Amino acid sequence: MDSAVAIAVLSLVVGAAIALIFFGNYFRKRRSEVVSLANADPQPEPKNPSKPHQPASKKIHAKSHAHGTDKDKNKRHHPLDLNTLKGHGDSVTGLCFASDGQSLATACADGVVRVFKLDDASNKSFKFLRINLPAGGHPTAVAFGDDVSSVIVASQNLSGCSLYMYGEEKPKNSNSDKQQTKLPMPEIKWEHHKVHEQRAILTLSAATANYDNGDRTTIIVSCSEGTDIIIWHAKTGKILGNVDTNQLKNTMSAISPNGRFIAAAAFTADVKVWEIVYSKDGSVKGVTKVMQLKGHKSAVTWLCFSPNSEQIVTASKDGSIRIWNINVRYHLDEDPKTLKVFPIPLHDSSGATLHYDRLSLSPDGKILAATHGSMLQWLCIENGNVLDTAEKAHDGDITCMSWALQSIQTGDRRVDVLATAGVDKKVKLWAAPPLQTS
């Protein structure tokens, strides 16, 4: 028993000694760490580590700034790209220039029509008038009436398609310029609902009735996705006439700048042309089919009139562009003549010819703007040569385009301006390319 107790006591003593040695070393080590930390506190080194981070911070800011510069370059990637109109909340479905050449109306799927004032196409921002459509309406097309203060809008909702004419009171002559800058909010002057039953309006085109006995008021033409086309009096909203293309399905229609002819591109390869007949008092007497453009081998995708209303330019899925002379004596059975035929200079990776989605002639009739998807091209109407190409003019399909009827101030010069819109919520302004080609 005594030996056992002695062994137990010895074990306890040895264990305590080992524990004492271990904890002693531990506490000496901790003390040295505390001393080192205490000695380090008065020194300014802790402030220094923040300094090495400053160059890193500068690098980040410099990179961010460079990225912003790259973004600006991407926005202006093409030499003809003048500017981008901001503020649209959804796809832009329609646009149109007024006769003054400076007012540009846009229709947007966010339910708003905006009328921009383009005093200088190079400005960083532009003032615009905002027109909110009735709830549930989605604007699909827009056109100007007799002046800048009247805007006709096509709107689509669940019950069908509607037409609205928004107008505002003109500022009094006695008012000062400061008062004129404050325009009254536009209001609906007339409206029509289910104008094409439940079919959507594809295009709205407008022209001043200055041919023959025309009363110089604005004529509006609405083209539905069916086969019907309606002619409207812009100021009163009165229906002046309607036609049926009888071509299964319309693609678009246009009215000649002098208000004389209406032409429609539809499902077939032929283009039908109607004449608006005016009575002696200037009112519209009727609409008569007068000619048919035959020559394309496949469906016509788009058409536009020349500024003098004597020619029509058509693009077809057959891969060709045709220029037609419609200034003929049709009442003597004289047929319209094909003046020129150009191949569409677009091909896919397999070499197959692509077609143009839209066409628009410059105010001088010398440059043809054409689109395919997100690509924009300018062609010389004289020989069909490509003047310039913007491969990716928009981040998505181009939905509409329009030339300003007059040149617009851009910095220290005046240029012909083309506006394009797309599903990317952008409206872009482009300068006309020079006609000289290498």
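The table that follows gives values for the structure above.
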{"read-out": "Condition check for Phe261: of a type in the set (Phe, Trp, Tyr) and modelled with pLDDT of 95 or more", "value": "yes"}
{"read-out": "Counted residues, the stretch 367-394 - those being in a loop (DSSP other than H, G, I, E, B) and open to solvent by 20 Å² or more (accessible area, probe 1.4 Å)", "value": "7"}
{"read-out": "Enumeration of residues in the stretch 132-171 that are among the aliphatic types (A, V, I, L, M) and modelled with pLDDT under 95", "value": "Leu133, Ala135, Val148, Leu158"}
{"read-out": "Strands (runs of 3 or more DSSP E) fully within the stretch 299-348 counting 2 or more residues that are under 13 Å from Leu359 (Cα atoms)", "value": "300-305, 311-316, 320-325"}
{"read-out": "Subset of the stretch 284-341 (residues that are free of Cβ contacts under 8 Å to residues at least 12 places away in the same chain and of a type in the set (Lys, Arg))", "value": "Lys285, Arg329"}
{"read-out": "Residue in the stretch 181-189 that is farther than 18 Å from Gly422 by Cα, open to solvent by less than 50 Å² (accessible area, probe 1.4 Å) and modelled with pLDDT under 90 present", "value": "yes"}
{"read-out": "Any hit, the stretch 413-433, residues being surrounded by fewer than 16 Cβ atoms within 10 Å (Cβ to Cβ) and in contact (Cβ under 8 Å) with a residue 12 or more places away in the chain", "value": "no"}
{"read-out": "Boolean, Ser103 is over 16 Å from the mean Cα position of the chain (by Cα), farther than 18 Å from Thr399 by Cβ and touching a residue at least 40 places away in the same chain (Cβ under 8 Å)", "value": "no"}
{"read-out": "Matching option when the condition is open to solvent by 40 Å² or more (accessible area, probe 1.4 Å), touching a His at 6+ places or on another chain (Cβ under 6 Å) and of a type outside the set (Lys, Arg), among Asp364, Asp318, Asp397, Asp348", "value": "Asp318"}
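The values are calculated or read from the model by the stated rules, or taken from the named source; none is laboratory data. In this text, all values refer to a predicted model and were calculated from it rather than measured experimentally. Don't worry about glycine lacking a Cβ; one is built from the backbone with ideal geometry, like all the others, and counts go over all protein chains shown. We work out accessible area using only protein heavy atoms, side chains counted, and drop any ligands, DNA or RNA first. Shrake-Rupley method; radii C 1.70, N 1.55, O 1.52, S 1.80 Å.
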